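Some notes on the structure that comes next.
The values are calculated or read from the model by the stated rules, or taken from the named source; none is laboratory data. Just so you know, these numbers come straight off a predicted model, no measurement behind them. Positions of Cβ are backbone-derived with ideal geometry, glycine not excepted, and every protein chain shown enters the neighbour counts. Areas reflect the complete protein model, heavy atoms only, side chains present, ligands, DNA and RNA absent. Shrake-Rupley method; radii C 1.70, N 1.55, O 1.52, S 1.80 Å.
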Amino acid sequence: MSPYEGSRETDQSREGDTCKDGSLYHCANTTKKVRIINQPLIVAAISALQHIVVIFGALSTFQRKEEFGTGETLESEAADGQKVRDKIYRFSSLGGTRNFPRLHLHFLSKSFANKALHVSPSLTQGLGGATSPPQNTAYGEIQPTHGYSVWRDNASSFITVPSAFSSFSGHATAPFYPSSYLHEDEMREIADRNIPYPHIFFHSPSMLENQIPTFGPSSSHPRSISDPEVRDLIVKAPTLSGKYYPSPTAWEDQQLYFLLPDRFSNALEDGVRDLENQPVQGRIKAYTPADNGNAINLASDAKLWEESGGVFQGGTLKGVNSKLGYLKRLGVTALWIGPIFKQVPHDEGSYHGYAVQNFLEIDPHFGTQEDLRNLVTNAHSHGIYVILDIILNHSGDVFAYKRPDCQWNGQKFEVEGFRDSSHNPTLPFKPLDPKNPPKDADSCAIWPAELQAPGSFTCEGSISNWDHYPEYICGDFLSLKDINLGQDAPDNFTPTSALKTLCEAYKYWIAYADLDGYRIDTVKHMGDGPTRYLCTTLHEFSSTIGKENFFLVGEVTGGRAFETVEATGLNAALGIGNVQENLWRLPKGYTNPSEYFDLFRNAAYLKKDSNAWTRNKIVTMIDDHDQVWRSGSDKARFCSESQGDKLALAALALNLTTLGIPCIYYGTEQQFDGRGGNDRYIREAMFGGSFGAFRSKDRHFFNESNSVFEEVSKICELRQRHTVLRRGRQYLREISTNGSDFDIPRILGGRMKSVVAWSRIFSDTEVLCAINTDPEAWTEAHVTIDSGLHPKGETLTCIYASPVEEDQIVPQELSVEGVDRAVVPLSVPPAGFVIWNVFPENHTSNFVFLGDFRSDLENVCSARLDSIRDCAQAIFMIGIKNAFYHASHDLPAAQRRLCACLGYRPEADHLRPRGAG
């Protein structure tokens with residue numbers, strides 16, 4: 001006989017408490033001992049769990065912690081509502097239950113598929129002031145896990161687990177936090193203090209067969225890297241390597257887009273288009289020129305607008321998810337999202353995300369951990385990678401020194417204590433006591449708990465000299481407290497406990513959310529030793545789950561950028577060699593072109609091939625969120641001055657078609673023009689809010705009809721189609737105004753207004769690009785190209801030109817001229833950009849394949865095709881394109897008929913006769 005067959009009886013239950021179907025019963029409110037009757041439904045379900053390893057039951061109050069077993073009796077003691085609330089409140093400080101007990105049914109086996117389990121509504125009585133369950137709301141209301149749905153029957157309070165699902169949770173009127181979140185000593189504390197905690201837990205190791213696992217529902221979060229949901233996921237993730245989204249072959253093939261989640265979208269914009277290119281209704285209307293300055297009509301309004309820029313605006317992860325269609329149509333293939341982890345409470349100025357208080361929880365301003373995973377999953381389904389901004393160098397302002405204004409002097413300062421949930425330093429500067437937790441412990445001190453240990457912080461005061469060693473390594477980053485990561489030197493490096501804790505936390509987020517890369521903040525202040533340890537740890541872990549090229553890009557400022565990348569194993573860096581400053585100034589004619597292009601000619605410096613190193617080691621961008629390169633407090637977007645609004649396309653084109661991994665900062669494609677004496681002025685709310693761009697409010701800027709957006713989208717498409725624009729070598733070209741005297745363009749006085757031309761060469765293909773730094777007039781110049789590839793008379797075809805003007809157009813074809821050198825005459829529109837495709841004379845094919853197999857295959861995989869037949873046709877056509885790579889123009893009639901049936905013309909788009917337009 002099964003140990004659960006028949007019934008187990010204690011004292012007589014209170015009338016009405018017995019579950020009539022006898023399936024499963026727990027009572028939280030009875031003043032007597034209760035009867036638990038087990039009938040065939042639960043018998044069958046329990047018997048089906050062949051691999052149950054743990055079942056915990058905690059009924060109302062714990063008299064002891066024990067496992068279910070044959071003939072065991074579970075007892076419950078009396079507790080009135082007020083007493084329950086008091087005890088739960090004291091427990092909630094530790095467990096974060098917000099004054100409510102909770103019921104968790106977590107099935108890690110398919111054995112309970114389609115079984116109805118009864119959850120007694122009496123559990124909700126007397127909790128949080130409620131005397132009865134809310135109308136039409138069952139206690140077994142479901143929190144979906146990993147995007148799954150679970151059905152419930154409100155009338156009968158039954159919940160059903162569909163066959164495809166593995167886990168779910170139920171709650172009364174507050175978010176749920178699972179018991180696996182608790183340490184064993186905390187569980188003992190609950191038992192010792194008789195704190196009510198109704199809980200049922202079934203566990204089987206067979207759950208992980210087909211899904212990336214979910215350990216705990218979306219509203220839960222761990223508090224330690226030793227918690228089961230963290231450890232189990234990290235350990236088991238490598239067994240699921242085929243389920244994770246693979247890394248790209250080459251990150252220089254990607255087009256990055258950087259956004260701050262608080263400032264991007266709140267999913268309430270009206271008229272924006274979704275992934276299906278359909279308009280969406282919302283309450284925030286689109287910006288028009290008439291809205292410029294609508295937030296600063298009065299002096300008092302202007303002050304409110306400025307102040308609102310320093311606090312949370314309301315952007316969310318769901319908002320980002322809702323704009324994947326916008327990003328996809330722009331041409332984005334990789335999304336870099338600013339920090340999203342829980343910030344120090346009561347600090348509205350931490351909207352930027354860099355003041356972390358809990359590295360294992362998403363800040364509620366941005367959403368939930370499930371919102372993050374849903375975003376990543378949706379992005380992957382549309383061919384977009386996701387890179388998350390992370391911090392190791394420092395935490396938020398989680399403790400206070402005993403004296404104010406502690407500046408670094410090489411000595412340690414005494415600490416007053418960790419900050420409590422009200423941000424006062426009232427807590428001892430040591431691990432929190434689980435037996436006597438402070439109020440709202442999740443908002444106190446720092447988490448995970450391992451970071452509360454002595455020695456986790458350097459405690460040496462704030463940095464004054466940002467270039468003085470070791471001050472910039474050991475000092476606090478303003479009010480942000482420096483974490484002790486270990487010695488700077490990478491050789492014979494020994495990681496600190498804090499560094500190992502953070503590495504485990506970030507491994508957890510890779511496994512949980514299927515992330516594709518991290519942007520690492522303030523690498524200069526971490527030191528080479530900790531950075532190398534982090535890179536090695538994360539690269540090794542990500543490779544075990546099938547991400548062989550997990551992207552780690554570091555914010556590396558100062559003069560050691562090249563050395564840092566080489567020494568640490570970073571994939572790439574931001575801030576190398578003033579790339580951003582020169583990229584910002586060159587299109588405006590305020591810097592010599594060589595000052596930008598020579599930054600990529602580092603062969604003499606690194607003793608390496610210049611193009612091979614720089615093409616995938618540098619992330620390049622014009623605007624960003626803090627503009628470290630600008631001296632002083634003045635911050636400004638590209639479009640804020642010097643006719644930047646007219647030159648925005650030329651600048652973005654330069655960014656997209658020169659060496660490096662290009663990145664667009666949100667709003668640049670909409671010509672944002674923020675400027676002021678603080679970072680906030682270059683962090684406008686894309687969705688409007690109270691701090692919108694152009695001194696506006698309550699208007700959104702997701703305008704896909706903006707000319708810059710439209711042209712950037714075209715350039716990104718060309719970049720994906722032409723391998724040479726992503727991987728080709730790069731050469732700044734000499735120009736001449738008279739056709740005989742050639743030199744590199746340079747500033748001769750004031751502002752340079754000139755054609756700036758460069759070539760990208762890959763194998764035997766050359767593409768010539770050029771911008772015009774004159775925002776008002778057409779500019780002409782003779783430009784050199786590779787004479788070894790292009791004899792006199794060779795034809796060049798214009799594959800892109802913008803802007804287009806009615807009275808003057810860019811010619812569609814040019815002929816190579818010159819005697820001693822190969823030269824082509826270019827004419828570029830004001831603030832314009834052109835691309836010419838140059839075909840070598842000795843090319844053996846009459847067709848030139850302008851794409852590459854991998855890009856086409858990725859496009860097919862990311863497309864929303866209507867049927868398997870459509871997918872098969874698309875993939876088949878990729879094969880045809882590659883098979884015809886060296887084919888003659890006169891295709892066999894049968895092959896041409898096949899192309900026509902599939903809607904594909906070899907002479908158009910991707911396959912063209914040599915010399916055709």
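Using a 1.4 angstrom probe on the protein heavy atoms only, could you order Cys406, Cys474 from most to least accessible area?
On the way: Cys406 10, Cys474 35 Å².
Putting Cys406, Cys474 in descending order of accessible area: Cys474, Cys406.
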Quiz prompt | Rg/Rg_globular for region 430-499, with Rg_globular taken as 2.2 N^0.38 Å and Rg from C-alpha atoms | solution = 1.32
Practice problem: Grab the Cα-Cα distance for Ser707 and Lys285, subtract it from 0.36 nm times how many residues apart they are, and report the gain in nm with one decimal. | Solution: 150.0 nm
Self-check item: Förster radius 60 Å - calculated FRET efficiency between Glu348 and Trp778 (Cβ-Cβ, nearest 0.05)
Solution: 0.75
Practice problem: Consider a paramagnetic label point 7 Å from the Cα of Asn297 along Cα→Cβ; state which residues of region 675-707 have an amide N under 19 Å from it. | Solution: 688-700
Practice problem: Starting from the Cα gyration tensor of region 590-715, take the square roots of the eigenvalues, sort them a ≥ b ≥ c, and report rounded, prolate or oblate (rounded when a/c is under 1.5, otherwise prolate if a/b is larger than b/c, else oblate). | Solution: prolate
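Over the alpha-carbon set of region 216-290, divide Rg by the Kirkwood Rh and report the Rg/Rh ratio to two decimals. Mind dumping the intermediate values first?
On the way: Rg = 19.8 Å, Rh = 17.5 Å.
Value, to two decimals: 1.13.
First check a/c for region 355-446, with a ≥ b ≥ c the square roots of the eigenvalues of its C-alpha gyration tensor; if it is under 1.5, answer rounded, and if not, answer prolate when a/b is larger than b/c or oblate otherwise.
oblate
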Quiz prompt | Listed residues Thr614, Gln670, Thr657: farthest to the positive end of the dipole of region 610-674 (Cβ charges) | solution = Thr614
Exercise. With N set to the residue count of region 215-365, report its C-alpha Rg divided by 2.2 N^0.38 Å to two decimal places.
Key: 1.31
Quiz item: So what J values fall out for region 720-736 if you push phi through Karplus, 6.51 cos²θ - 1.76 cosθ + 1.60 with θ = phi - 60°, rounded to Hz, Gly and Pro as x?
Solution: 5, 6, 9, 4, 4, 6, 9, 10, x, 5, 10, 9, 6, 9, 6, 10, 8
Exercise. Evaluate E = 1/(1 + (r/R0)^6) for Ser479 and Leu748, where r is the Cβ-Cβ distance and R0 equals 56 Å; express this FRET efficiency to the nearest 0.05.
Key: 0.75
